[in-house]
Structure formats: C-alpha cells, structure tokens
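Reading through the structure tokens given below for one structure.
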Amino acid sequence: MKAGLVTFYHIHHYGALLQAAATERAVERFGWDCEIVDYFVNQDNALFKRPTGLGSAAHDAHTALHYQALSERYRRFEKFSRDHLRISDRRYGRFDELAEETLPYDLILSGSDQIWNPKIFPDGRFDPVFFGTFSQKRRVAYAPSFGVPTIPEGMRDELKGYLDGFSHLSARETQGSAIIRDIAGKDAPVVLDPTLLLTADQWDSMADHPANYPKGGYILCYCINRPGALTPYLERLHQETGLPVVQLCGIRQKVHPKAKQILDAGPAEFLGLFQNAAYVVTNSFHGTVFSVQFHRPFFTTVSPAELSAPERSRTVSILSRLGLVNRVIGKGDTAELLDPVDWEAVEAALAAARKDSLNYLQAALEDRPFVPESPLSPRSFAPKLAEQSRCTGCTACAAGCPHDAITMVRDKTGFDFPEVDLEKCVHCGRCTRLCPVLQGRGPAAHLPAAFAAWNRDDAVRKDSTSGGAFTAIAEYVLEGGGVVYGAAMDGHQHLRHVPCFRKEDLWRLRGAKYVQSDLDGVFREIREVLKTRPVLFSGTPCQVDGLYRFLGCRPENLTTCDLVCHGVPSPGVWEDEARFIEGNKRRRLANVRFRNKVEGWKNSHFTAVYDDGTADSAPLFATGFGRAFGRALFLRQSCHDCQYTNLNRLGDFTLGDLWGLRPDEFPEQQHAGVSLLLVNTPHGSYLFDQLKLNCQPFPVERAVAGNPRLARPIGPAADRASFFASYAVEPFEEVRRQFFRLPSLPVRAAGKLLSPEAKAKLKAKLHR
C-alpha cells in the first residue's frame, strides 16, 4: 500500500522539511510506503530576491556579504531533501496536471503544516491540491493547520465541500479542530505535530555536528521574527550562567551583541545545534518542539494574538499538553530563569500523546474508527475557570467558593488570578456558575439617560477628579444610614476596596486611581452588611458584575456605580513605581493624586504628597507612569477584549469625565470639572431625583464620542509583551528606564501632526 503525501516540503524552512520527513517515517512504521507528491507551488528558495523595494535590496546586500555561508545553507537543505525525503519522480505545478495523471497511490494524505491556510497562497484562497481533490482515492488528514482563527463567510461552503471528502480528519491545534466541527460537523482530534511522532534517538540519526560548530555549553537563540520579549530572558541567562550566545539565524539581524551567528545550517545542523545547547530561547514552534525532544531547558514566546487567545496557539496547545506552559514568556506564571524542567514527567506526557496520535494515524490508514486512549491529566479534575487572558480578577469565584478552595494569587505581571487548591475543591461547580466571563451577558434593555453633572459644593468638586458626582451619590447613601465601598490607598500604596461610614472620610474614595483594586473579602463583607444597612459599591464594570454574580440578585438596598474604565493597570507595577518614587526622593509617600486639578480639570496633574508635608506635581502624561498608562502598556490582558465597553451598563449609575465638550458648553464649569453621569436602571433613576447635583441632559451619542471606552476596548501597546517579559526578570529601575522614557522626537512630532485617522492606521499596523 502506498500513500501520496501533500505537504510543504521544498521551501528551505527547517520545520517544513523536518515535519515532512517525520510524516513519511510515521506512515512507514505501519507497513505503508509513503511518497511526497512533488507539487511545487508558491515556494521560492532563491538566494537573491526580485527587487521590490528597500527591504529586498537590504536582503540582497546581506546575502552578497555572506554569500559563502548562505550558499552552503542552500546546499545543505538540498542534501537533506535527497537523503531523507522520498519525493515523486514527476514535478507538478498545477491542479490539472495532477488530476490528469494516473497516480500510483492507494490513499492521499494531507499532511502537516499550514497547508489549509488560505492566506499563504497568492490569491488568498484555499489550494484544492492540499485537500487531495485531484484524486478519487480515499483521503486522510494528519495535523493540518488553518493558521487563521476563523474562516471568511464566503469560503465556508467551499471548505465544507473539501472536508466532506475525507474519511478521517484531524487538526494540529484546538482552533483547527473547532473550525472543522463548526463547518463540517465532524469531530477532528487534535494530534501532535509530526516532528513529535519521532523520538530523540530517531532525530539523532539525522543530525550533523560540523567540526567548526560549538560543541556544547551555549545558549541557543533561534528567532523567526523579532525577538521582542525574548530579549531580557536571553540577556539575563547570559549574565547569570556566563554561557556564550549562539544565534541560529531564522532572522538575519543580530539578537545579542555578543552572539555567534550561524548562517550556514541546514536541517541536519539545526538538529545538532539543539542537541548540544545548554539553554534555548526561541519564538519558533519547531524551535520549541526540538527543545522538548532533546530535553533542553527553554523559553519561548508567542504572538500577542496567541497570548490573548491561547486556544489559537499551536505552541501553547502542545506545551499545555506536556505541562510546560510555564516556559511561555509573557504569561504571568513564566518559570524562573534557572528553574529545572521535570523531563521525566514531560516524557511520560509526550509518550501518551505520541501513542494517541500514532493510534489515530494507524486507524486512518486502515480506515477504521479512532478511539483515543490518553489518560486524564490533573487539569481534568480542576474546576472550569476563565482563561487567564480573559479573567478580569473580579474575585467572584474566590468569594463564592463554599470551601475556600480558591485564593487570588499575584503573578509576575503584578495582577491577581484565582488559584485552586484541589485538596479542598469538592467540584461543586459554583465558581464556574459565578464567573461573569464564562456566563456571558444579555443585550441592553434600553439606552441610559446621560447628564452633565457637577457637585454643588465647590470644595468637594475641587477635590474630585471631574465634577464630584460620586460624592453626591455617596452622601445620599450615608444620610440613609448606609455604607459606601470604594477604592482607597493604604499606607503602602496598595489599593483596596474599603468601607466608609462618615461623610468626613469620603475624601479617601474620591479621585481616579489608575490601579486595579484589591477586593479580597469585600464581597462577603458586603453580603453581611446588606442584611441590615444600605450599601453603595463603586468600582469598574467587571467588579460590579462580579458582585452581582456573587450575590445572585440585585438587592433593593444595594446601589452600584460603574466607571468608564480605560483599563486597569498592574498593582505590582504601580507599587514598584511608588517604591521608585520614594527611593528617588528619599521620602515616604503619604498620598498620591493621579489626576489633580492644580491647573484645572483638562490639564490633569500627577501629585505626590510625602510624609514630611512636601509635594511634587507634574502633568500626568509628562510622568513616566502616566505616559505608560496612557498608551496601555501594563493593563490587564482582559481589558483589551473588555465585554463592558459599551452602553449595556451593569451599575445603577455610570460615572466618568464628560470629555468632548465644546468651548461654548458649560463654559463657566469646564475649568472646575464636569462629570458624565449615566442613569442606567429604575433604581438609579429614583435615586437620581434625590441627589444634590447640578445636572443638564446630554446626548448619549456625544457622551460616547468623548469617551471611546463606552464604545470599544483599548488596544494593547505594541511592546506590552516585551514590557512584562522585562518586568519578570529585570530590576524595576531598568524596566522603567527602558519603557517609561519619552518617545523619540519623530514619534512626538507625529503625535502632534498626524490626524486621528492616520494615528489609528499606524497603530493597527504596529499591532499586526
């Protein structure tokens, strides 16, 4: 029996050739012959590029400078193909050439890699060859990847037609399996990349160790795009181990000033370099795979899109399966630099996954059903909570756990996330039912009523961030014998929600605090207070939602205010910044005003008050912390996909600044500050009529225009992942120096000259 394999194999890419070689050997272990169908399309290995601009010119200049090494790399790729791949005698360049040929295959195998990614091909559509439609023989798919999170509506029917023709379907990533299930209605198991089907010993037989290559004891860096968040880990590893850096060039730019660059490695040399490394840092999937295969301690990165949606990531998918997801940089639980890896446990998990994947392949070849055999992992017994990238930190799960099995634990990004003690957990499922992220939200019942508002007490208004509307609501609740819960700094610049019982203490709760607050124990405390007294709770929309979920209802004596939220900064970062300020000034901070009106409402100042009575004040966005906050450098990951940035508000009231006022609107009030007040519920409407506020109706659409966070979440800074990678391993002073500095003069000039539309386009391009 003979299988014809359609896959990427000819392009001089390490992963492409190695996965093709692995697939052939995996098929042959079951008694089949396997041959790659020599379909040569969209693959160009020429050393010199066709001139298309400055980029190709720079590429060719570099090639000319290193021609000897790069031509040797070319030769080694071709040699590996001859030595280790079995390829059809005839080369095909078009679908019809294959369709007209009498092919010697009993089965067509659509192999691994992104062969089902339409974006790879020049016309942006699927290539039917990689679905095997040129043949009437039975079709099987082993670990193909779509490479995209969703399939465009206009291509879904086409894809379904292709998928319906397969007797057996599988996918390399969880997202691919979901796409197949959605479009074709078929279950497609997630199987290993073919390179993991072979053992380290099998790869060793294909490896080469040229005499002029380093023999061991080095840090191997293999990057296929800019190193980004890898850089601080590479530098710290180099400093702490004293080992030299060897760069296997996926990209040609030097990643470390002292790196020894290797430009001439073919696939065999690639394997040898991984075998001999002491540590590996990489942003390549196959770089990660071969670190695992050869038991090399490694760190890896994924794209920002994959970090925010791990189910789309092939790297996160396999590392989660092997218990190695803590080797991903940028997640808050990234391992310490020199932490050992339990390779025995990894190998056991890999052996189980390999057995499952080989069983699938054998079943597919033999045309029989596949039944997985993998044992349950410890995570199988953990309760279902929101993915870390989506978790808002609202604490509803921890507060609602009847056995105190969940605690909020700060990770390396400085944010708190729920951690489950499986010894205490009884699997009641209450935490899952309470999680706002997992339960979702219904549509808005109606649009809120919008008002321009300001407090009648000038002293209160001056002490508030905008118009002092919060204090008016809080005083009404206190006058009714209630308790007010809001965020206040303690003596260590730690922000937490606290109760307020007297009007004289409301000053602690006033003003913007650009930090996520600590809610530990607060929801349970509010539940007890509500049994005897009214409560006002003010917080971010996700905190308000968490409180309602925890309570399971909307008590009549509970009033809530949600905030128009830019996104919540890391408490860890702020507390480190506070320590930096104290160290720099050699004085303890007594109080901080993130937005002080020393020069009026529209010119917010950051004011630091010290324990000796002195103070410093500067425009907020002239400070390092303010600049970084403004460009969303260290916000919680979930803020960038926030489900509350719309007019479907949770609180009885929504509070914010009334930005976007014309000069002729409330001209006498603008210097002192004007609040945006949204009244969202009948309860809020009743209270609104009792408030001691000056109010004027305001168009909702203009309120949204002035406050973009009522329409959409803010996007992450382009260097967010790099920031948190540095924050995890570098001294804070160094992190601050690198990321909090003023932008370059051209960037500052562009900020003043470019239109908002041009800025948006530029920002979108940088995020890609």
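The values are calculated or read from the model by the stated rules, or taken from the named source; none is laboratory data. Worth saying up front: this structure is predicted, and the values here are computed from it rather than measured. Heads up, the Cβs are rebuilt from the backbone with ideal geometry, glycines too, and the neighbour counts pull from every protein chain shown.
Let's see how each residue does on (1) part of a loop (DSSP other than H, G, I, E, B); (2) modelled with pLDDT of 95 or more; (3) in contact with a Pro (Cβ under 7 Å, 6 or more places away or on another chain):
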| site | (1), (2), (3) |
| --- | --- |
| Leu109 | no, yes, no |
| Pro122 | yes, no, no |
| Arg139 | no, yes, no |
| Thr150 | yes, no, no |
| Asp157 | no, yes, no |
| Gly161 | no, yes, no |
| Ser167 | no, yes, no |
| Gln175 | no, no, yes |
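Among the candidates Arg741, Arg709, Arg702, Arg737, single out the residue that is within 21 Å of the chain's Cα centre (by Cα) and either among the charged types (D, E, K, R) or over 30 Å from Arg579 (Cβ atoms) (or both).
Arg709
Count, please, the residues in the range 570-595 that happen to be among the small types (Gly, Ala, Ser), in contact (Cβ under 8 Å) with a residue 24 or more places away in the chain and assigned to a helix (DSSP H, G or I).
Residues in the range 570-595 being among the small types (Gly, Ala, Ser), in contact (Cβ under 8 Å) with a residue 24 or more places away in the chain and assigned to a helix (DSSP H, G or I): 2 in total.
Can you tell me which residue is modelled with the lowest pLDDT among those in the range 361-382 that are within 17 Å of Leu192 (Cα to Cα) and over 32 Å from the mean Cα position of the chain (by Cα)?
Val371
Please work out if Asp333 is closer than 30 Å to Gly242 by Cβ and either crowded, with 22+ Cβ neighbours inside 10 Å or without any contact (Cβ under 8 Å) to a residue 24 or more places away in the chain (or both).
no
Conditions: (1) closer than 21 Å to Asn596 by Cα; (2) touching an Asp or Glu at 6+ places or on another chain (Cβ under 6 Å). Ser675 meets all but one. Number of the miss?
Exception for Ser675: condition (2).
Restricting to the range 610-624, what's the tally of residues that are surrounded by 14 or more Cβ atoms within 10 Å (Cβ to Cβ), aliphatic (A, V, I, L, M) and outside any strand (DSSP E or B)?
So the answer is 1.
Determine whether Phe77 is touching a helix residue (DSSP H, G or I) at 6+ places or on another chain (Cβ under 6 Å) and either closer than 18 Å to Ile36 by Cβ or modelled with pLDDT of 95 or more (or both).
When the stated conditions are applied, Phe77 does not pass them.
Among residues belonging to the range 458-490 that are part of a loop (DSSP other than H, G, I, E, B) and in contact (Cβ under 8 Å) with a residue 24 or more places away in the chain, point out the one that is surrounded by the fewest Cβ atoms within 10 Å (Cβ to Cβ).
That would be Gly481.
Tell me, yes or no, whether the range 596-606 has at least one residue that is assigned to a helix (DSSP H, G or I) and modelled with pLDDT of 95 or more.
No: zero hits.
Consider Thr315 carefully, then state whether it is part of a helix (DSSP H, G or I), crowded, with 22+ Cβ neighbours inside 10 Å, at negative phi and not charged (D, E, K, R).
Answer is yes for this residue.
Since Arg296 meets every condition but one in (1) crowded, with 17+ Cβ neighbours inside 10 Å; (2) assigned to a helix (DSSP H, G or I), which condition does it not meet?
Here Arg296 meets the rest and fails (2).
Filter the range 70-105 down to residues that are in a helix (DSSP H, G or I) and in contact with a strand residue (DSSP E or B) (Cβ under 8 Å, 6 or more places away or on another chain) and give me whichever is surrounded by the most Cβ atoms within 10 Å (Cβ to Cβ).
The residue in question is Leu98.
Is it the case that the range 688-701 has a residue that's in contact (Cβ under 8 Å) with a residue 12 or more places away in the chain, buried (at least 18 other Cβ atoms within 10 Å of the Cβ) and of a type in the set (Val, Ile, Thr)?
no
For Gln239, indicate whether it is free of Cβ contacts under 8 Å to residues at least 40 places away in the same chain and closer than 17 Å to Glu730 by Cα.
Numbers: free of Cβ contacts under 8 Å to residues at least 40 places away in the same chain: yes; closer than 17 Å to Glu730 by Cα: yes.
Yes: the conditions hold for Gln239.
If I ask for residues that are of a type in the set (D, E, K, R) and part of a helix (DSSP H, G or I), which ones from the range 690-711 would you list?
The answer is Glu701, Arg702, Arg709.
Does Lys602 meet the test of being closer than 23 Å to Ala672 by Cβ and among the basic types (Lys, Arg)?
The answer is yes for Lys602.
Would you confirm whether or not the range 263-276 contains a residue that is surrounded by fewer than 22 Cβ atoms within 10 Å (Cβ to Cβ), under 24 Å from Gly323 (Cα atoms) and not aliphatic (A, V, I, L, M)?
Yes, the conditions are met somewhere in the range 263-276.
Looking at the range 692-701, is at least one residue in contact with a helix residue (DSSP H, G or I) (Cβ under 8 Å, 6 or more places away or on another chain) and of a type in the set (Val, Ile, Thr)?
no
Quick one: would you say Arg236 is part of a loop (DSSP other than H, G, I, E, B) and either surrounded by fewer than 21 Cβ atoms within 10 Å (Cβ to Cβ) or not hydrophobic (A, V, I, L, M, F, W, C) (or both)?
Judged against the criteria, Arg236 is not a match.
Report whether or not Phe48 is surrounded by 11 or more Cβ atoms within 10 Å (Cβ to Cβ) and at pLDDT below 90.
Numbers: surrounded by 11 or more Cβ atoms within 10 Å (Cβ to Cβ): yes; at pLDDT below 90: yes.
So Phe48 fits the description; yes.
Can you name every residue in the range 625-668 that is farther than 30 Å from Arg441 by Cα, in contact with a strand residue (DSSP E or B) (Cβ under 7 Å, 6 or more places away or on another chain) and assigned to a loop (DSSP other than H, G, I, E, B)?
Phe666
Within the range 592-609, how many residues turn out to be surrounded by fewer than 20 Cβ atoms within 10 Å (Cβ to Cβ) and not small (Gly, Ala, Ser)?
Qualifying residue count for the region: 6.
Tell me yes or no: at least one residue of the range 542-561 is buried (at least 19 other Cβ atoms within 10 Å of the Cβ), assigned to a loop (DSSP other than H, G, I, E, B), of a type outside the set (Phe, Trp, Tyr) and in contact (Cβ under 8 Å) with a residue 12 or more places away in the chain.
no
Restricting to the range 495-519, name every residue that is out of contact with any strand residue (DSSP E or B) (no Cβ under 6 Å at 6 or more places or on another chain) and under 22 Å from Cys397 (Cβ atoms).
Gln516
Would it be correct to say that Ala453 is at negative phi and either touching a residue at least 12 places away in the same chain (Cβ under 8 Å) or in contact with a helix residue (DSSP H, G or I) (Cβ under 7 Å, 6 or more places away or on another chain) (or both)? Let's see the steps before the verdict.
Working: at negative phi: yes; either touching a residue at least 12 places away in the same chain (Cβ under 8 Å) or in contact with a helix residue (DSSP H, G or I) (Cβ under 7 Å, 6 or more places away or on another chain) (or both): yes.
Yes; evaluated as a whole, the condition is true for this residue.
Looking at the range 174-227 only, could you name the residues that are aromatic (Phe, Trp, Tyr), closer than 30 Å to Glu240 by Cα and in contact with a helix residue (DSSP H, G or I) (Cβ under 6 Å, 6 or more places away or on another chain)?
Hit for the range 174-227 is Tyr222, nothing else.
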